[in-house]
Amino acid sequence: TAQLVQPLANGAHVLTLDTDFDGCMAIVSRLAMDEGIYLANSMNSLRLEGQKTVAIEIVQQFDWQVPDVVIIPGGNLGNVSALGAGFEIMRDLGVITKRPRIVVAQAAAANPLYLAYTKDWSFTAVHAQPTQASAIQIGNPVSIQKAIRTLKTYNGIVEQATESELAEAAARADRTGMFNCPHTGVALAALIKLRKRGVIASTDRVVVISTASGLKFTDFKLG
């Protein structure tokens, strides 16, 4: 409701589709073949060109020092290749000399990239199950091959989080005043798990990408 009310308040004509994200993606891809409909999600390379500035801003805010690890919640997986492209352009320009390690965090209920990671990057689409991290409830991500290429370049890791793990991680962060969305909770849970296993060291500088405000997920917060 918190998100639906925004387009309604702006006078948009809103349609409900009786399907999941992957089903919507198939419909939108078909609609975009007609004049008057513009496909602006991560299938569109121009969107990824814009998103790559996130990597540049991270390094800029650390006085041009590259963090050791960047953790990204993964659904359609556009952010993964976008941030990788941002770091690459800085390397090409000589602004930075090293790459961070990229971690993609997925909900266990929608984890096709995690499964591919455990099978030497052999990808098979899955039917995503319901998850509190609804924006990454995606079983057939459109940017899967771009993401895999980026992770291979960036010594990448894929970790997953159960529903209880992502909720606990988000609640733990909230007690510091962060008020995270459930998708950021997935990334925070991955950080906790990788730190406990010693994959991430206590001395590592780690950046967790927060993808939305908790104000957009009031039902999750009430739960």
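The values are calculated or read from the model by the stated rules, or taken from the named source; none is laboratory data. Values in this document were obtained by computation on a predicted structure and should not be read as measured data. We place every Cβ from the backbone using ideal geometry, glycine too, and count neighbours over all the protein chains shown. Heavy atoms of the whole protein, side chains included, go into the accessibility calculation; ligands, DNA and RNA do not. Shrake-Rupley method; radii C 1.70, N 1.55, O 1.52, S 1.80 Å.
Structural remarks
- If you check S45, S122 for being under 20 Å from I138 (Cα atoms), touching a helix residue (DSSP H, G or I) at 6+ places or on another chain (Cβ under 9 Å), open to solvent by 60 Å² or more (accessible area, probe 1.4 Å) and without any contact (Cβ under 8 Å) to a residue 24 or more places away in the chain, only one passes: S122.
- Restricting the first member to the range 5-22 and to residues that are under 23 Å from A133 (Cβ atoms) and among the hydrophobic types (A, V, I, L, M, F, W, C), and the second to residues that are at pLDDT below 90 and assigned to a loop (DSSP other than H, G, I, E, B), the beta-carbon pairs closer than 9 Å and six or more apart or on different chains are V14/L4.
- All conditions in (1) within 18 Å of the chain's Cα centre (by Cα); (2) open to solvent by 90 Å² or more (accessible area, probe 1.4 Å) hold for T53, with the sole exception of (2).
- Boolean, G94 is open to solvent by 10 Å² or more (accessible area, probe 1.4 Å), without any contact (Cβ under 8 Å) to a residue 40 or more places away in the chain and of a type outside the set (S, T, Y): yes
- The number of residues in the range 14-26 that are β-branched (V, I, T) and closer than 18 Å to I136 by Cα comes to 1.
- Criterion: more than 22 Å from K52 (Cα to Cα) and touching a strand residue (DSSP E or B) at 6+ places or on another chain (Cβ under 6 Å) - qualifying residue of Y154, Y114: Y114
- When we screen D68, D34 for residues that are over 29 Å from E163 (Cα atoms) and surrounded by fewer than 19 Cβ atoms within 10 Å (Cβ to Cβ), the only hit is D34.
- Every test in (1) free of Cβ contacts under 8 Å to residues at least 24 places away in the same chain; (2) touching a strand residue (DSSP E or B) at 6+ places or on another chain (Cβ under 7 Å) is passed by A26 save one, and that test is (2).
- The range 51-78 residues that are at positive phi and assigned to a loop (DSSP other than H, G, I, E, B), paired with ones that are surrounded by 22 or more Cβ atoms within 10 Å (Cβ to Cβ) and hydrophobic (A, V, I, L, M, F, W, C) (beta carbon under 8 Å, 6 or more apart): L77/V104; L77/L113; L77/A147
- A search for C-beta distances below 7 Å between a residue of the range 178-202 that is open to solvent by 40 Å² or more (accessible area, probe 1.4 Å) and any residue that is part of a loop (DSSP other than H, G, I, E, B), counting only pairs 6+ apart in sequence or on different chains, returns L191/I200.
- In the range 154-177, the residue that is surrounded by the fewest Cβ atoms within 10 Å (Cβ to Cβ) out of those that are closer than 21 Å to I102 by Cβ and among the polar types (S, T, N, Q) is N155.
- Residue check for I89: open to solvent by 50 Å² or more (accessible area, probe 1.4 Å) and β-branched (V, I, T): yes
- Checked against (1) in contact with a Leu (Cβ under 6 Å, 6 or more places away or on another chain); (2) in a helix (DSSP H, G or I); (3) over 24 Å from T150 (Cα atoms), R30 meets all criteria but (1).
- Looking only at the range 127-146, residues that are under 8 Å from A107 (Cβ atoms), within 12 Å of the chain's Cα centre (by Cα) and buried (at least 21 other Cβ atoms within 10 Å of the Cβ) come to 2 in all.
- Residue that is nearest to the chain's Cα centre (by Cα), among those in the range 6-30 that are open to solvent by less than 80 Å² (accessible area, probe 1.4 Å) and among the aliphatic types (A, V, I, L, M): M25
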